[in-house]
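Asker: Mind having a look at this structure? Questions to follow.
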């Protein structure tokens with residue numbers, strides 16, 4: 001068997017280049033929302049188990065909540081989702097994700113298109129997330145949705161609470 005030699009000088013040079021690139025790369029700025037006093041909070045809870053093997057995001061049944069923003073105004077919306085969930089383990093790359101979005105609109109911040117909420121093969125565990133979005137005038141349907149990366153994976157949500165808070 002033939003072994004390939006790696007030059008320590010080459011490794012040091014590569015490490016130096018990577019360090020310089022990391023230093024020159026701008027850091028991601030935090031998203032900041034200035035929310036005023038809370039005007040309203042709608043809290044929904046479901047104790048019936050929900051499962052999906054959908055690779056497209058599907059609504060959490062019964063969780064969609066309407067928020068009305070008066071004409072000419074904006075509102076800071078905080079959506080909090082608390083779940084007890086598990087993600088099955090298969091031979092594939094298993095991912096169970098959840099996101100909150102405005103129906104027909106964009107996802108809430110953080111702008112991650114689905115957060116890995118449950119590691120594969122884990123026993124059911126409690127998870128809590130918060131998303132924030134400033135919305136303009138109109139009626140907005142806010143919905144949490146779940147999906148898996150591989151259709152052989154089962155995402156199970158044993159029960160959940162969805163809290164949508166409207167602030168100035």
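Asker: Output the number of the condition that residue 83 fails; it satisfies all remaining conditions of (1) over 18 Å from residue 121 (Cα atoms); (2) surrounded by 15 or more Cβ atoms within 10 Å (Cβ to Cβ).
Answerer: That leaves (1) as the condition not met.
Asker: Can you find a residue in the range 81-91 that is part of a strand (DSSP E or B) and more than 13 Å from residue 155 (Cα to Cα)?
Answerer: Within the range 81-91, one or more residues are part of a strand (DSSP E or B) and more than 13 Å from residue 155 (Cα to Cα).
Asker: Restricting to the range 127-150, what's the tally of residues that are at pLDDT 90 or above and either outside any strand (DSSP E or B) or at positive phi (or both)?
Answerer: Number of matching residues: 3.
Residue by residue, here is whether (1) at pLDDT 95 or above; (2) closer than 22 Å to residue 34 by Cα holds:
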position	(1), (2)
47	yes, no
55	no, no
70	yes, yes
90	no, no
107	no, yes
117	no, no
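Asker: When both residues are 6+ apart or on different chains and their Cβ atoms are under 6 Å apart, which pairs have a first residue that lies in the range 26-53 and is on the phi < 0 side of the Ramachandran plot and exposed (fewer than 10 other Cβ atoms within 10 Å of the Cβ), and a second that is at pLDDT 95 or above and part of a loop (DSSP other than H, G, I, E, B)?
Answerer: none
The values are calculated or read from the model by the stated rules, or taken from the named source; none is laboratory data. The shown structure was predicted, so the numbers you read here are calculated from the model rather than taken from an experiment. Note that each Cβ is placed from the backbone with ideal geometry, even for glycine, and that neighbours are counted across all protein chains shown.
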